[in-house]
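*Asks:* Let me begin by handing over the structure; questions about it come next.
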Amino acid sequence: MRINLLCSRRNLPENLFQERESERWAGIDRGALILLEEDIKPCMAIGDFDSVSEQERDYLESHLVLNPHKSEKDDTDLALGVMQAVEEGYTEIDIYGATGGRLDHFMGVLQILEKPEYEVKNITIRVKDATNIITYLGRGEHKVDRDSEYQYISFLPVMYPTVISLEHFKYPLNHEQLNVGSTLTVSNELLEPEGQVTLHYGGVLMIRSRDAK
């Protein structure tokens, strides 16, 4: 099962709500209010709701069942939302509105992607915005399809050493060890409809990108 999580209106893909209005959505804090404004009723609303006014909170409570978390907590609202989605059986989670704001919040988002429990459970989590798709790849073989909308593909190691092989890419690699500070695997491209990424050791964030329109 797949679900979309909305955090804010920042950097959203064009026509996102029109194209995905029939899909399952969850609102993260103010994201729940935004979904209602777009005539989409979220199946979950997660957060402490400290980013909405008292009037907006009353509006939320008149349309949704809220179980607010305390403001002082050990996880971010988004982390709690991903946890709840996984607990409810979702295995594909797309996150929107999580980029373009505070850098500490964004780095926290990347930590969620790298959480070992989700890799063990084969949970696919993607962070999407108007120009990027970010996901985590762990040890093993991964098929990557060419996407004309996102021409560039980068692989950023999140642990060292990371050893990677790339097949059917413009810049292929064979058991290449990625060292701290290296930019070797930034901005690659697929040459075939499908490429193969093999992580012999370690893990990477795969970022599929396009230039802003």
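*Asks:* So which residues in the range 143-165 are part of a strand (DSSP E or B) and surrounded by 15 or more Cβ atoms within 10 Å (Cβ to Cβ)?
*Replies:* Correct list: Val144, Tyr152, Ile153, Ser154, Phe155, Leu156, Pro157, Thr162, Val163, Ile164, Ser165.
*Asks:* Inspect all residues belonging to the range 173-186 and state whether any of them is among the charged types (D, E, K, R) and surrounded by 15 or more Cβ atoms within 10 Å (Cβ to Cβ).
*Replies:* Yes.
*Asks:* Now, a different point. What tally of residues in the range 30-47 results from selecting those that are at pLDDT 90 or above, within 23 Å of Leu103 (Cα to Cα) and assigned to a loop (DSSP other than H, G, I, E, B)?
*Replies:* So the count comes out to 0.
Table: residues versus (1) part of a loop (DSSP other than H, G, I, E, B); (2) at pLDDT 75 or above; (3) surrounded by 13 or more Cβ atoms within 10 Å (Cβ to Cβ).
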| site | (1), (2), (3) |
| --- | --- |
| Phe49 | yes, yes, yes |
| Ser62 | no, yes, no |
| Leu66 | yes, no, yes |
| Asp75 | yes, yes, yes |
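*Asks:* Just give me the residues in the range 175-213 being among the acidic types (Asp, Glu) and not in a strand (DSSP E or B), in sequence order.
*Replies:* Glu189, Glu192, Asp211, listed by residue number.
*Asks:* Please determine whether any residue of the range 75-91 is over 25 Å from Ile123 (Cα atoms) and touching an Asp or Glu at 6+ places or on another chain (Cβ under 8 Å).
*Replies:* Within the range 75-91 (the criterion being over 25 Å from Ile123 (Cα atoms) and touching an Asp or Glu at 6+ places or on another chain (Cβ under 8 Å)), the answer is no, since none of the residues qualifies.
*Asks:* Taking into account only those residues within the range 95-142 that are hydrophobic (A, V, I, L, M, F, W, C) and part of a helix (DSSP H, G or I), which is surrounded by the most Cβ atoms within 10 Å (Cβ to Cβ)?
*Replies:* Out of the qualifying residues, it is Leu113.
*Asks:* Let me ask something else. Testing His142 on (1) over 17 Å from Ile153 (Cβ atoms); (2) assigned by TED's automatic domain parsing to the domain that holds Gly203, one condition comes back false. Which one is that?
*Replies:* Checking His142 against (1) over 17 Å from Ile153 (Cβ atoms); (2) assigned by TED's automatic domain parsing to the domain that holds Gly203, the one that fails is (1).
*Asks:* If you don't mind, another one. Write out, first by first residue and then by second, each pair whose Cβ atoms fall under 7 Å of each other, whose residues are 6+ apart or on separate chains, and whose first residue, in the range 172-199, is not assigned by TED's automatic domain parsing to the domain that holds Asp145 while the second is of a type in the set (A, V, I, L, M) and not in a loop (DSSP other than H, G, I, E, B).
*Replies:* Matching pairs, first to second residue: none at all.
The values are calculated or read from the model by the stated rules, or taken from the named source; none is laboratory data. Note that the coordinates shown come from a computational prediction; the quantities given were computed from them, not determined experimentally. Cβ atoms come from the backbone with ideal geometry, glycine included; neighbour counts cover every protein chain shown.
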